[in-house]
Each structure stands twice: as structure tokens, then as C-alpha cells.
């Protein structure tokens with residue numbers, strides 16, 4: 001009991017006795033309970049809020065002077081952060097809070113300063129992301145800014161029968177110590193107005209935890225005043241207006257490691273940091289899963305972190321392992337899953353069949369047989385409920401939710417239905433990949449008029465975006481086709497993607513695509529097809545993986561198969577890739593000989609595109625051999641060849657050829673110390689790379705450009721070129737990015 005509480009209680013007792021009233025009489029006159037008045041007089045309760053003091057003053061019949069005296073004593077007896085519930089302690093589980101600095105900073109900023117309107121923040125996210133923990137941690141930190149009270153309401157949104165708005169409003173009114181007489185006077189129909197009036201007069205912080213939907217929350221939001229409301233929900237609560245939205249995802253790998261370390265102890269964490277990182281990754285960096293894993297280790301002191309990491313490694317057992325006592329990660333997922341509509345639950349289960357990390361709307365539609373627009377609505381329902389994330393127009397399941405979806409799929413659908421859905425998705429992926437890839441193939445281009453696809457492939461740019469977005473998905477479908485012996489489909493896909501691969505050189509999977517297709521071609525027993533796919537594989541091993549010795553062996557096999565088939569064009573391509581490998585190995589004489597042989601064979605086969613490639617290859621060999629004048633002359637002949645051929649050369653191939661020619665001419669001029677001409681050609685090549693959205697070629701242009709600018713005595717411009725190269729991202733040539741980073745470091749050192 002504080003002195004201020006005692007002073008208020010003593011004054012109240014003095015005024016009651018002066019009015020010759022018993023506690024029971026004052027209770028009847030004021031509407032404040034007998035026990036409440038007794039506790040106030042004895043100092044067992046903190047001084048009440050203004051409304052309760054006013055009711056006591058009315059019950060005592062005080063004049064203005066005595067009324068103000070009682071109100072002043074009440075104000076003195078209310079400490080900062082006083083809660084009408086009589087507690088400032090929040091539920092357990094927030095002392096080990098980690099991360100979320102951005103979110104906490106935003107909540108603090110919203111709570112700061114004077115304002116005339118209430119602030120409402122909707123914190124949403126998938127199950128287990130720590131929404132409640134964040135809200136309670138913030139509430140504890142912000143309590144001092146809300147002297148009229150802090151309330152935590154559990155809205156029980158995941159229960160089958162959560163409380164309605166009327167019940168919740170009444171609970172808040174009682175917590176704020178509204179007199180029973182006033183509640184009766186207002187009646188059930190007036191409680192909402194009384195609630196709004198009360199919050200308009202006070203500066204309170206309300207945490208409304210675990211909201212079911214907008215309808216449960218909307219009547220609880222104050223319309224006026226300086227209060228702040230933080231609502232947590234698994235749903236996004238899209239229907240709420242004028243709210244600040246704070247979506248939560250998983251923790252960063254670093255935050256997850258810190259969180260686990262706090263639970264298992266610094267010594268055990270430091271003993272095997274790699275295992276700790278594996279545990280965090282297999283928990284999907286999800287706070288609930290991390291807490292369960294950490295608690296498991298904390299109670300099993302004989303276990304190493306490695307032992308738990310290995311136990312979590314098996315996908316089919318991971319959710320069973322992530323259980324500690326009565327807390328199970330999959331139980332949190334189940335609460336949201338059982339609230340889905342049947343169509344949403346079905347799609348959620350089948351999203352476990354998506355082989356890559358995410359999927360587009362059309363792919364999701366294939367899983368369920370829905371129309372695309374209907375599938376999009378269903379996906380958005382899953383997003384709204386917090387079970388599905390988005391990244392632009394892509395939809396992504398969290399790793400643990402994917403495992404949960406798989407368990408529900410196996411439990412609720414027959415093996416036949418599951419396989420039918422998987423086959424439909426794979427078939428669609430491969431068929432669409434063929435149509436998209438043919439945009440870049442000579443003699444193909446746009447989809448035929450008879451094609452009725454579910455994605456827009458009306459331009460080469462749209463086709464490129466689809467192929468890249470769905471890359472890991474159609475690659476998995478290709479693997480499945482090869483495993484099933486569907487070799488014709490494998491070869492068809494690889495053939496359709498041959499020229500497209502130049503647009504996405506460092507994807508990282510072309511060697512597998514064309515190597516798989518070469519095996520399928522051999523199984524089909526067609527030497528022309530086999531030679532073709534072996535040549536593609538030689539290219540991928542050479543350029544994408546930088547293994548010229550291995551590429552030579554593949555091009556030799558391609559040459560043998562092409563000779564068996566009597567196919568001049570594939571013989572020429574085999575010599576072309578062999579020349580490329582010899583050049584990278586520094587054997588320029590062999591490279592020039594092989595290049596000239598490939599040119600002869602291409603001309604005999606009347607292969608325009610192949611002839612162009614041979615001309616480009618010869619120029620590059622001459623450059624590397626230190627013969628820039630001859631290389632430049634070769635480039636000029638190639639440009640003339642392109643101009644003469646006109647539209648007989650496929651546009652994408654012509655664009656790539658011009659890009660390479662400008663790089664070659666820039667390098668040739670640089671070797672002859674003609675800096676301005678070199679810079680002009682390399683900048684042109686960079687512009688062409690940007691037009692074609694080819695980060696791999698752009699990275700090469702920028703490194704060549706930077707080196708030329710350095711040689712020309714223009715270090716500031718060189719730094720800009722190297723910096724652009726470093727910032728290009730994963731599609732750039734990793735060797736060129738590393739080179740640019742090293743050159744920047746040298747510039748910094750100077």
C-alpha cells in the first residue's frame with residue numbers, strides 16, 4: 001500500500017462518516033460495490049478512475065470543493081502505468097524476446113506524442129511467428145505512455161466458439177471499473193456507447209490478442225481519444241479500415257541463432273555453431289518451432305545440439321520431433337487449418353506437391369482443376385488466414401507448413417488422387433516450358449494460334465519471366481519425366497530451351513537439363529538427337545560450369561554421334577564447342593583450326609545461325625591470341641553478315657550476336673589502346689545487355705568497361721562500372737562479379 005493510496009482511502013472514509021453513511025449505504029447510492037469501497041478505504045486498491053470517483057462523490061452528496069479534493073487525492077494515488085485490472089505483469093514468455101527491431105521501432109513511433117485520434121495496429125502472420133510475444137513485449141515497454149491503463153484481452157479467435165463483441169465490450173468495461181449501476185442503467189444496448197465514451201476520455205493501451213476476424217474486432221476499436229490498440233491475428237484482417245499493418249514472418253538466421261542460444265546456453269551453442277544453425281534452419285526460423293527445439297534441448301542436458309539437428313533432418317519426422325510437453329508446432333497449424341473452407345483446405349494440402357519453393361496462380365489451378373480466377377481467390381483466402389505467403393505474384397508455403405500440408409494430404413486424400421494432381425501439374429509445367437522456350441528458337445517464336453494456355457506468353461519477355469519464375473518447378477517435372485522413362489518429353493523440353501539458355505546462363509541447372517536430355521536421347525536410339533543434346537551439354541559444362549576439359553569429352557562424343565548419323569550441322573557444333581574449350585585452355589592453334597572446320601561444315605549444311613556463331617568464335621580466339629587487328633576485321637565481317645542476312649537470323653540470336661560483337665570490338669580497340677572507341681563499343685554492349693535483360697552478359701561488359709576506363713586514366717568511372725557489376729545479383733557471371741569486387745578493393749586500397 002502506498003502513501004497516496006492510504007491518503008485517498010482515509011479521505012473517503014472521513015467524507016463517508018461525515019455524511020453519516022455506512023459502506024452499504026454508499027454502495028447503494030453510488031453503484032460501487034461494498035467490497036470495492038472497503039478495499040479503497042483500507043488502501044488495498046489503487047485509487048479509482050475519474051468516473052468511479054464521480055460516482056462516489058454523487059453518492060456522498062459532496063459540494064464542488066469536496067468533490068475536487070477527492071478527485072485530487074485519486075489523481076495522486078494513481079501511479080504511472082496503473083492498470084485498471086490491478087496488474088502490470090504481463091503473461092510469461094517475453095523476457096527472452098529477440099529481434100523484431102523494425103517492428104518495435106514502428107510501434108514505439110506510433111505510440112509517441114500527443115494525438116487526438118486513437119491508433120490501431122494490426123499485427124498479422126502465420127501461426128508460430130510470435131505475434132502475441134511481440135505485442136506483449138511492446139506493451140510492457142510502452143506502458144508508461146498510457147497512464148490510464150493497459151489491458152490484455154484474449155479474443156480466443158481459434159476457438160470453435162469465440163466470445164462475441166458484446167461479451168468482450170462488457171469485459172473491458174468491468175476491467176475499467178465501470179460501476180455496476182452505470183452498466184445496468186446503460187443496458188446491453190448502451191454498453192458499446194459507454195465503451196467508446198470511456199476510451200475517448202482516457203489514454204489506454206489495449207492488446208487484443210488472437211482475433212478471429214474483422215467482425216469480432218471492429219466493435220472494439222475506439223473512435224476517438226488518445227488510446228492505442230494492438231490487435232494480433234493469424235488473419236490479415238483486410239476488412240479493417242484506418243489501421244496500421246504490421247506483418248510478421250520468420251526470424252533472420254542470426255536472430256534465430258541468438259534465440260536458440262538463450263534457450264540452450266552459450267556453452268552448448270558455441271560447442272557446435274554449425275549444428276545450431278541447422279536446427280534453426282530446420283525450424284524454418286519460426287519462433288514457436290525454435291522455442292520448442294530450444295526447450296527440448298534445455299531439458300535434455302545430455303543431448304548435443306548436433307543430435308537434435310540430425311533428428312530434425314528427416315522431413316517425415318520433423319513435425320513429430322517439434323513437440324515439447326503439451327506444446328506441438330503442428331497443433332498451432334491445425335487450429336488455422338480447421339477454419340478453412342473445403343476448397344481452401346484442398347488447395348492447401350495439394351500445395352505440398354509443388355516441387356519448388358513457390359508457385360503461380362496457373363500452377364495452383366492445375367493442382368485442383370479450378371479455373372484460374374477461382375484458384376486465385378482460393379490462394380488469397382489462404383494468404384488471408386496466414387497459411388500462405390506471397391512474393392509479388394508468387395505464393396509460398398513456409399517450410400514447416402509445407403510439411404504439415406503433406407501430412408494432411410496423405411491423411412485425407414487417396415494415393416490415386418494425389419498422383420493424378422501431381423501428374424497434372426508436371427504435364428502442364430513441361431508443356432508450357434516448351435511453348436515458352438520456343439519463343440527463342442529459330443522457326444518458332446510466338447505460340448501457335450491453336451495453343452490454349454493458362455498463362456500469358458504473348459511476348460518473349462513474358463515467356464522469359466515465366467521460365468525463370470517456374471524454373472525449379474519445371475526442372476523437377478523434367479526429372480520426374482526422365483525417371484518415368486518419358487524420354488521424348490525430356491528431349492522436347494531441352495530442345496525448346498536451347499537458345500533460351502543463353503538468356504539465363506548462370507541459372508545453375510543447364511548442365512543437368514542437357515545432360516539428362518543426352519541420356520534420354522541415347523535411350524531413344526536416335527544419333528542425331530543424341531549428338532544435338534551432347535553438344536548442348538558440352539556448352540553447359542563449358543560456359544555455365546567452367547570445365548573445359550570435361551566439355552571436350554562431351555563434344556567428342558557429340559562429334560562421334562553426328563558422324564554416325566551423317567549430320568553436318570551437329571558435326572560443326574561439336575567442332576565449335578571444342579574450339580571454345582581449346583581457347584579457354586590456351587591452345588589457340590587448335591582453337592583456330594577447330595573454328596575454321598566448324599565454319600566449313602556450317603556452310604556446307606547451309607546453317608546460317610551456326611555460321612554466325614563460328615565467325616564470332618574466330619574473333620574471340622584471335623583476340624585471346626593477341627591478334628586484335630585480325631579480330632576487329634573478323635567482327636566487321638560478322639556485322640556485315642548480320643546486315644545482309646536481315647530477318648533470316650532469328651531476332652534474339654541476332655541481338656546476342658551484336659552484343660558479343662560490340663564486346664569483341666571494344667576489347668580489340670583496348671588492346672590497340674584506342675580507349676574512346678573501346679569505351680563506346682563496351683557501353684553499347686552494356687545497353688544491349690540491359691535491353692535483353694541478360695545479367696550474365698552485362699556483368700562481362702561492365703568488367704571489360706571498368707578495366708578499359710582504368711587504363712584510360714578514368715578511375716571514378718571505372719569504380720562505377722565495377723560497383724554496378726557487383727550489384728547485379730545471382731544471374732550475373734559469378735567469376736566476373738568476384739573480379740569486379742577484387743578490383744574495387746584495389747581501388748579502395750589506393
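So the values come out like this:
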quantity: Within segment 400-449, considering residues that are surrounded by fewer than 16 Cβ atoms within 10 Å (Cβ to Cβ) and within 28 Å of residue 608 (Cβ to Cβ), the one farthest from the chain's Cα centre (by Cα); calculated: 443
quantity: Which listed residue is under 17 Å from residue 727 (Cα atoms), assigned by TED's automatic domain parsing to the domain that holds residue 721 and either modelled with pLDDT under 95 or surrounded by fewer than 21 Cβ atoms within 10 Å (Cβ to Cβ) (or both), from 646, 686, 664, 692; calculated: 686
quantity: Unique match (being surrounded by fewer than 20 Cβ atoms within 10 Å (Cβ to Cβ) and without any contact (Cβ under 8 Å) to a residue 40 or more places away in the chain) among 705, 710; calculated: 710
quantity: Residues that are more than 15 Å from residue 422 (Cα to Cα) and in a strand (DSSP E or B), drawn from segment 354-412; calculated: 389, 390, 391, 394, 395, 396
quantity: So residue 121, is it at pLDDT below 85 and within 25 Å of residue 229 (Cβ to Cβ); calculated: no
quantity: Subset of segment 727-750 (residues that are surrounded by fewer than 19 Cβ atoms within 10 Å (Cβ to Cβ), touching a residue at least 40 places away in the same chain (Cβ under 8 Å) and in a helix (DSSP H, G or I)); calculated: 734, 735
quantity: Subset tally (residues that are surrounded by fewer than 19 Cβ atoms within 10 Å (Cβ to Cβ) and either under 30 Å from residue 335 (Cα atoms) or under 42 Å from the mean Cα position of the chain (by Cα) (or both)) for segment 175-195; calculated: 2
quantity: Residue identified as crowded, with 18+ Cβ neighbours inside 10 Å, modelled with pLDDT under 95 and within 27 Å of the chain's Cα centre (by Cα) among 469, 460; calculated: 460
quantity: Selection from segment 305-330 of residues that are surrounded by 15 or more Cβ atoms within 10 Å (Cβ to Cβ) and in contact with a strand residue (DSSP E or B) (Cβ under 9 Å, 6 or more places away or on another chain); calculated: 319, 322, 329, 330
quantity: Meets criteria (in contact (Cβ under 8 Å) with a residue 40 or more places away in the chain and either in contact with a strand residue (DSSP E or B) (Cβ under 6 Å, 6 or more places away or on another chain) or within 19 Å of residue 480 (Cβ to Cβ) (or both)) for residue 356; calculated: yes
quantity: Selection count, segment 414-445, where residues are farther than 23 Å from residue 481 by Cβ and modelled with pLDDT of 95 or more; calculated: 1
quantity: Leading residue by the ranking (modelled with the highest pLDDT) among those in segment 487-508 that are buried (at least 18 other Cβ atoms within 10 Å of the Cβ) and outside any helix (DSSP H, G or I); calculated: 497
quantity: Helices (runs of 4 or more DSSP H) fully within segment 260-304 counting 1 or more residues that are surrounded by 15 or more Cβ atoms within 10 Å (Cβ to Cβ) and more than 25 Å from the chain's Cα centre (by Cα); calculated: 266-271, 287-298
quantity: Filtered residue count, segment 199-222, keeping only those that are closer than 30 Å to residue 59 by Cβ and surrounded by fewer than 22 Cβ atoms within 10 Å (Cβ to Cβ); calculated: 4
quantity: Evaluation of residue 724 against (1) under 30 Å from residue 497 (Cα atoms); (2) surrounded by fewer than 23 Cβ atoms within 10 Å (Cβ to Cβ); (3) more than 31 Å from the chain's Cα centre (by Cα) (one fails), failing number; calculated: (3)
quantity: Number of the exception - residue 481 against (1) touching a residue at least 40 places away in the same chain (Cβ under 8 Å); (2) over 26 Å from residue 654 (Cβ atoms); (3) touching a helix residue (DSSP H, G or I) at 6+ places or on another chain (Cβ under 7 Å); (4) surrounded by fewer than 21 Cβ atoms within 10 Å (Cβ to Cβ); calculated: (4)
quantity: Which numbered condition residue 385 misses (of (1) within 30 Å of residue 232 (Cα to Cα); (2) crowded, with 18+ Cβ neighbours inside 10 Å; (3) at pLDDT 95 or above); calculated: (3)
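The values are calculated or read from the model by the stated rules, or taken from the named source; none is laboratory data. These numbers come from a predicted model, not from an experiment. Neighbour counts are summed over all protein chains in view; Cβ atoms, including those assigned to glycine, are modelled from backbone coordinates with ideal geometry.
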